[in-house]
Amino acid sequence: MTSAVELKGLVAVVTGGSRGIGRGIAESLADGGAIIAVVDLDSDVAAASASELPGQGHGGFACDVADADQVNSCLAEIEQQLGPVSILVNNAGITRDNLLIRMKDEEFDQVLAVNLKGTFNFTRAAARGMMKRRNGAILNIASVVGLTGNAGQVNYAASKAGVVGLTKSVAKEFASRGVRCNAIAPGFIRTQMTDELSEAQKEPLMKQIPLGTLGEVKQIADVARFLVGPAASYITGQTLAVDGGMVM
Ligand code: NAI
């Protein structure tokens, strides 16, 4: 059982935390007592999202996760304003879908830069402090597509498969220093992205989901709160599919 405030006073960074799954995770960790640094591209949007979270002391921070210099200064600013970071959720992600034959270099490079390099950048920036304090939990948001592949998404699937490999490697490197690293592989989750799909597009998707519905952001956020919290203290290096049974 998770107690009401099992994350009390812990500083948690959530990248891409202004909307969608990241926002849901930020709310769930704030509910658990954490102080949230909402990191997103736009400072006003990040600050507004942070101000709407339950509890006190949260902050919004502007940063492009693909830019290592911005990430390093953002992390320093967060620690100066909110305190040492104990929890890092690498959630920021983009898609630039296209068939491989038509895919432009920029479409491939941008997706890898945000989804994979962004995860590396923030992990490297936060890891030193976590290891020194011998305490930390890192959670990366991958995708079922990183486990199965998907036509039209070679860039995205490669980036998310990369996140799974990064998660396992970080778990092995940091385990002896008291830092855990896991990933969630969401299936199809109801967000702005999936709201745009037509019924005709949704129908074949539904057939692949044994539980028969799209997932809700809260169903990812609840698992995120579990994985970064004390109830998961013996779990590291895992990628947990939260997908209604799509990938078994
Ligand atoms: P979204 O597009 O609603 O939100 C993404 C957030 O990340 C936005 O606030 C955006 O401004 C921010 N962001 C984008 N690029 C950034 C950058 N370079 N630096 C900082 N922030 C940046 O996306 P959604 O649907 O909430 O997805 C969140 C994560 O979950 C992503 O990693 C996505 O790949 C993953 N995911 C989503 C699924 C879905 O069904 N929605 C399924 C599987 C994985």
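The values are calculated or read from the model by the stated rules, or taken from the named source; none is laboratory data. It should be emphasised that the depicted structure is a prediction, and the values quoted were computed from it without experimental measurement. Here Cβ is always computed from backbone atoms with ideal geometry, including for glycine, and neighbour counts include all displayed protein chains. These accessible areas exclude ligands, DNA and RNA; they are computed on the full protein's heavy atoms, side chains included. Shrake-Rupley method; radii C 1.70, N 1.55, O 1.52, S 1.80 Å.
Note down the net charge around Cys181, summing +1 for each Lys or Arg and -1 for each Asp or Glu among other residues with Cβ under 14 Å from its Cβ. Within the 14 Å Cβ shell, the charges total +4.
Once the Cα gyration tensor of the chain is diagonalised, what are the square roots of 5 times its eigenvalues, in whole Å and ordered largest first, as equivalent ellipsoid semi-axes? Walk me through the numbers on the way to the answer.
Numbers: eigenvalues 148, 79, 67 Å².
Values for the chain, descending: 27, 20, 18 Å.
Mean residue ellipticity, 222 nm, helices only, the chain: the sum of -39500 (n - 2.57) across DSSP H runs of n ≥ 4, divided by residue count and rounded to 500, is -13500 deg cm²/dmol. If you bin all the Cα-Cα distances of segment 134-194 at 10 Å, starting from zero, the percentages per bin are 23, 43, 24, 9, 0. If I build a Gaussian network model for the chain, linking alpha-carbon pairs within less than 10 angstrom, which residue out of Arg180, Arg133, Arg225 has the largest mean-square fluctuation? Taking springs between Cα atoms under 10 Å, the residue moving most is Arg133.
The listed residues Phe174, Phe226 rank as Phe226, Phe174 when sorted by accessible area, largest first, using a 1.4 Å probe. Within the accessible surface of the chain, defined with a 1.4 Å probe on protein heavy atoms only, the carbon and sulfur portion equals 53 percent.
A cut-off of 5 Å between modelled amide H atoms, ignoring neighbours fewer than 5 places along the same chain, links Ile36 with Ala12, His58, Gly59. Judged by the ratio a/c of the largest to the smallest principal axis of the C-alpha gyration tensor, segment 152-241 counts as prolate, that ratio being 1.5 or greater while a/b is larger than b/c. Diffusion of segment 1-85 by Stokes-Einstein, at 4 °C in a medium of 1.567 mPa s and with Rh set to the Kirkwood radius over alpha-carbon pairs, works out to 104 µm²/s.
Near Glu216, the amide H atoms lying under 5 Å from its own belong to Arg190; only residues 5 or more places off or on other chains count, and H is placed 1.01 Å from N. Here the 3J(HN,Hα) profile of segment 127-132, calculated from phi with Karplus coefficients 6.51, -1.76 and 1.60 at θ = phi - 60°, is 5, 4, x, 4, 5, 4 Hz, Gly and Pro shown as x. Per residue, segment 93-248 exposes an accessible area of 52 Å² to a 1.4 Å probe, with every protein chain left in place. What is the percent of Cα-Cα separations in segment 82-164 that go past 17 Å? I get 50 percent for the Cα pairs in segment 82-164 exceeding 17 Å.
What separates the Cα centres of segment 5-51 and segment 139-183 is a distance of 21 Å. Karplus-based coupling profile of segment 203-210, in residue order and whole Hz: 4, x, 5, 4, 5, 8, 10, x, with θ = phi - 60° in 6.51 cos²θ - 1.76 cosθ + 1.60 and x standing for Gly or Pro. Charge tally for Asn72 (other residues, Cβ to Cβ under 14 Å; Lys, Arg +1; Asp, Glu -1): -2. Taking amide H as placed 1.01 Å from N in the peptide plane, Ile138 has its amide H under 5 Å from the amide H of Leu88, Arg180, Cys181, Asn182, each at least 5 places away in sequence or on another chain. Converting phi to 3J(HN,Hα) with the Karplus coefficients 6.51, -1.76 and 1.60 and the offset θ = phi - 60°, segment 160-165 yields 6, 5, x, 4, 5, x Hz in sequence order, with x at every glycine or proline. Translational diffusion coefficient of segment 44-183 (Stokes-Einstein, Kirkwood radius from Cα pairs, 4 °C, 1.567 mPa s): 81 µm²/s.
Relative protection proxy for 23-31, 50-58, from highest mean packing down: 23-31, 50-58 (other beta-carbon atoms within 10 angstrom).
So what's the net charge close to Pro84: Lys and Arg +1, Asp and Glu -1, counting the other residues with Cβ under 14 Å from its Cβ?
Values: positive: Arg128, Lys132, Arg133, Arg134; negative: Glu77, Glu79.
Every neighbour counted, the sum reads +2.
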